[in-house]
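What follows is a single structure, written as structure tokens, with notes after it.
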Amino acid sequence: MSQTRHVPVMLQRCLDLLAPALEAPGPQPPVVVDCTLGLGGHSEALLTAFPEARLIALDRDKEALRLSGERLAPFGDRATLVHAVYDELPEVLDRLGVPKVQGILFDLGVSSMQLDESDRGFAYARDAPLDMRMDQTTGISAAEVLNTYPPGELVRILRAYGEEKQAKRIVSAVVREREKEPFTNSARLVELIREALPQAAMRTGGNPAKRTFQALRIEVNGELTVLERAIPAAVSALAVGGRIAVLAYQSLEDRLVKQVFAAGAANTAPPGLPVVPERYQPRLKLLTRGAELPTEEEVAENRRAAPARLRGAQRIREDER
């Protein structure tokens, strides 16, 4: 598989956000964590841009780790690749004997490789087995979710994770069809969604199956549950002065990141205190005004950058003991 087609999203902006923390002189080389290694584009750029830095990179997908291992081999022992989900960051750092890190990057969502490898079932544009597991060694597939979940639970998933207004119509059709024959492939699901939706709903927002596929993928991989644990854990892993950058591609993820960053940057003192004790003062300083978007040039060059939302924050004080 060619790696040249993989263009890391908002790459230079991510490097610029993290640079002050990774270029600051210290007694030890700075450590940067790429929580979503994928094909290693961001990791390679981090190791190249910051020649003093050590990289720890996580991915739950063994194929991604293998391909990235080849790509990052020239950097030798500066790169440590770990098979782990990103909410396992505290355990990974503990195991590696790294108490605090200077930089953290998340590039959320599905990697280019997973979309491009047709047998993984992530893409609604071509027929493939309905799998969608980022780690194919564990968990249940999208087909199992479609074939076994109660109708009410499927409706909840499509609404909560896909923001699909037509969830009831789609689920009614799914339940009717799965009784005739279980779902195995993506093309049948795409066709069913097209037939189930009213014409007006088909005219907006790209492929009508997009929201359902997103919802199934999030459910199969527990993405939001994992992210709810991962972002606070990452903030806790930052040394004072350390920086975190997060790229999200859909509003549910971006909202979660925004909430964690906003809480960290808030003053939590009761109103009316003449002097605010340190324990109430913000732990984070926001580095982006809201979420930053890719430039028009970048979207023209890499259509997968279009929905990206980038947020950054800096650790400005320790947690209370």
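The residues neighbouring L96, those whose beta-carbon lies less than 15 Å from its own, together hold a net charge of -1 under the Lys/Arg +1, Asp/Glu -1 convention. Axis angle, to the nearest 10 degrees, between helix 167-180 and the longest C-alpha principal axis of the chain: 60 degrees. Taken as Cα centroids, the stretch 1-61 and the stretch 269-321 sit 19 Å apart, rounded to the nearest whole angstrom.
Could you sort 181-190, 247-256 so that the peptide with the highest average Cβ count within 10 Å comes first and the rest follow in order? List each step's numbers first, then the result.
On the way: 181-190: 17.1, 247-256: 19.3.
Going by the mean number of other Cβ atoms within 10 Å, highest first, we get 247-256, 181-190.
Largest first, the residues K100, K165 sort by 1.4 Å accessible area into K165, K100.
Against the main long axis of the alpha-carbon atoms of the chain, helix 186-196 sits at an angle near 70°.
Rounded to the nearest 500 deg cm²/dmol, what is the calculated helix-only ellipticity per residue at 222 nm for the chain, with -39500 (n - 2.57) per DSSP H run of length n ≥ 4? Walk me through the numbers before you get to the answer.
Working: 14 runs with 141 residues, N = 321.
After summing the helix terms and dividing by the residues of the chain, the value is -13000 deg cm²/dmol.
Accessible area of F50 (1.4 Å probe, protein heavy atoms only, ligands and nucleic acids ignored): about 10 Å². Using C-alpha pairs below 8 Å separated by at least 6 residues, the relative contact order for the chain is 18 percent.
Give me the percent of the accessible area of the stretch 227-321 that comes from carbon and sulfur atoms, probe 1.4 Å, all protein chains in place. Carbon and sulfur: 52 percent of the exposed surface of the stretch 227-321. Net charge in the neighbourhood of L18 (other residues with Cβ under 12 Å of its Cβ; Lys, Arg +1, Asp, Glu -1) is -1. Note on the stretch 191-321: dipole from Cβ charges, positive end direction compared against A234, N267, P198; the farthest Cα belongs to N267.
Once the other residues with Cβ under 9 Å from the Cβ of G38 are scored (Lys, Arg +1; Asp, Glu -1), what is the net sum? All intermediate terms of the calculation are to be shown ahead of the outcome.
Values: positive: none; negative: D34, D59, D61, D107.
With Lys, Arg at +1 and Asp, Glu at -1, the net is -4.
Compared with the dominant Cα axis of the chain, that is its longest principal axis, helix 210-221 is turned about 60°.
Over the chain, with the other protein chains present, what is the accessible area per residue in square angstrom, probe 1.4 angstrom?
Working: 15230 Å² over 321 residues.
Each residue of the chain exposes 47 Å² on average to a 1.4 Å probe.
Only one residue of L65, A21, L47 has its Cα farthest out toward the positive end of the dipole of the stretch 1-65, where Lys and Arg carry +1 and Asp and Glu -1 on Cβ, and that residue is L65. Computed from the C-beta positions of A160 and D319, the FRET efficiency with R₀ = 25 Å rounds to 0.20.
The values are calculated or read from the model by the stated rules, or taken from the named source; none is laboratory data. Small disclaimer: the values here were computed from a predicted structure and weren't measured. Cβ atoms come from the backbone with ideal geometry, glycine included; neighbour counts cover every protein chain shown. Heavy atoms of the whole protein, side chains included, go into the accessibility calculation; ligands, DNA and RNA do not. Shrake-Rupley method; radii C 1.70, N 1.55, O 1.52, S 1.80 Å.
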